[in-house]
Structure formats: structure tokens, C-alpha cells
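Structure first, then comments.
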Amino acid sequence: SAPVSLGQIFASKLSAAVTTVVVQVIMWSALLRLNGLPIQRPALVIPFAVVIAAIVCFVAAIISLYFKDRERSQFVYSIVLVMGVGGSYFLDASPFGLITRLAAGVPNVGMLEVALYLLPLILIGLAFFGVSKRLVLAHY
């Protein structure tokens, strides 16, 4: 086997998780269409689901970097996820409400609302790369 850097391992794990989300959202869309419930804006629903999945993956990766063992990582991840999901309901553009409005084709909901979630994704992604570099360098 060839030596693989820690960054390549992280990138592979994150891309596998996000790829799984893309496949699941496409299958979900197809199944809804087969049941007579077409998604009105799949060109926005799919990228939005990918952005949310990437945010969750980056948060999970940051948690796993800090808490080296699986049990503590999963516990902290569960708490963070429950608090994040619960807290998001207080937002006007909560991810769940937004994806529902996009799928239903609600007027005046579109690319701008989806693009607003790119900022947290970029910030969390940068935080992940900063944390991973610092922890990896501290390890050596």
C-alpha cells in the first residue's frame, strides 16, 4: 500500500459521506416523483442538502479530532447535533424549513437562501482545516 497523508484520509472520509448524501437525495427525489409528489426545485434542493451534509460532516470531523476515542466523539457529536437541529428551528430560514419550502416550490425562496448557508460551510471548513493542521503538527 502507498503512504497516505492524514489530509487525504480526512478528504476521503468527507467526500464519501457527502457522496452518500447526493445519492440519497437523488433517490429520495425519484421515489417522491414515483409516488406522484414531484420536487419543484431539485436544482436547489440537491445542492442545499449537500451543503448541509458537508456542514454536519465538518462538525463531526472537528469533534473526532478533539476527542480521540469513538465513544466520547459520538456522545459529543450527538449532543451537538441535537442542539444544532433544535436550535435551528428558531431561525427563520432553518435548514428543514428551507428544504421543505424549496421542494414545495414556495415563491420568493431560492438561490439567495441556499447561498446563505455557504458562509457557515466555508467558516466551518476553514476551522476544520485549521484544527486538523494544528493537531497533526502537534502530533509530530
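Is there any pair linking a residue in region 68-94 that is among the charged types (D, E, K, R) to one that is surrounded by 14 or more Cβ atoms within 10 Å (Cβ to Cβ), with Cβ under 7 Å and at least six apart or on different chains, and which?
Here the result reads none, with nothing in region 68-94 linked to a residue that is surrounded by 14 or more Cβ atoms within 10 Å (Cβ to Cβ).
Residues in region 31-38: is at least one part of a helix (DSSP H, G or I), open to solvent by less than 80 Å² (accessible area, probe 1.4 Å) and either free of Cβ contacts under 8 Å to residues at least 12 places away in the same chain or not aromatic (Phe, Trp, Tyr) (or both)? It would help to see each step written out before you state the result.
Narrowing region 31-38 to residues part of a helix (DSSP H, G or I): 31-34.
Adding the requirement that they be open to solvent by less than 80 Å² (accessible area, probe 1.4 Å) leaves 32.
The next check asks that each one be either free of Cβ contacts under 8 Å to residues at least 12 places away in the same chain or not aromatic (Phe, Trp, Tyr) (or both); those that pass are 32.
For region 31-38, residues part of a helix (DSSP H, G or I), open to solvent by less than 80 Å² (accessible area, probe 1.4 Å) and either free of Cβ contacts under 8 Å to residues at least 12 places away in the same chain or not aromatic (Phe, Trp, Tyr) (or both): present.
Read through the list (1) under 17 Å from the mean Cα position of the chain (by Cα); (2) open to solvent by 50 Å² or more (accessible area, probe 1.4 Å); (3) at pLDDT 90 or above; (4) of a type outside the set (S, T, N, Q), then give the number of the only condition that residue 48 fails.
All conditions are met except number (2).
Within region 72-85, count every residue that is over 16 Å from the mean Cα position of the chain (by Cα) and open to solvent by less than 60 Å² (accessible area, probe 1.4 Å).
Final tally of qualifying residues: 2.
Can you work out which of the residues in region 95-109 that are surrounded by 14 or more Cβ atoms within 10 Å (Cβ to Cβ) and more than 14 Å from the chain's Cα centre (by Cα) is farthest from residue 54 (Cα to Cα)? Write out each step before concluding.
Going residue by residue through region 95-109, those that are surrounded by 14 or more Cβ atoms within 10 Å (Cβ to Cβ) are 95, 97-99, 101-103, 106, 109.
Still in the list and also more than 14 Å from the chain's Cα centre (by Cα): 97-98, 101-103, 106, 109.
Details: 97: 18, 98: 16, 101: 20, 102: 19, 103: 20, 106: 25, 109: 21 Å.
Among residues in region 95-109 that are surrounded by 14 or more Cβ atoms within 10 Å (Cβ to Cβ) and more than 14 Å from the chain's Cα centre (by Cα), the one farthest from residue 54 (Cα to Cα) is 106.
The values are calculated or read from the model by the stated rules, or taken from the named source; none is laboratory data. In this text the structure is predicted, and so the values were computed from the model without any measurement. Using ideal geometry, Cβ is built from the backbone for each residue, glycine included, and neighbour counts are taken over all protein chains shown. For the accessible areas, the whole protein counts, side chains as well, though only heavy atoms, and no ligand, DNA or RNA atoms are used. Shrake-Rupley method; radii C 1.70, N 1.55, O 1.52, S 1.80 Å.
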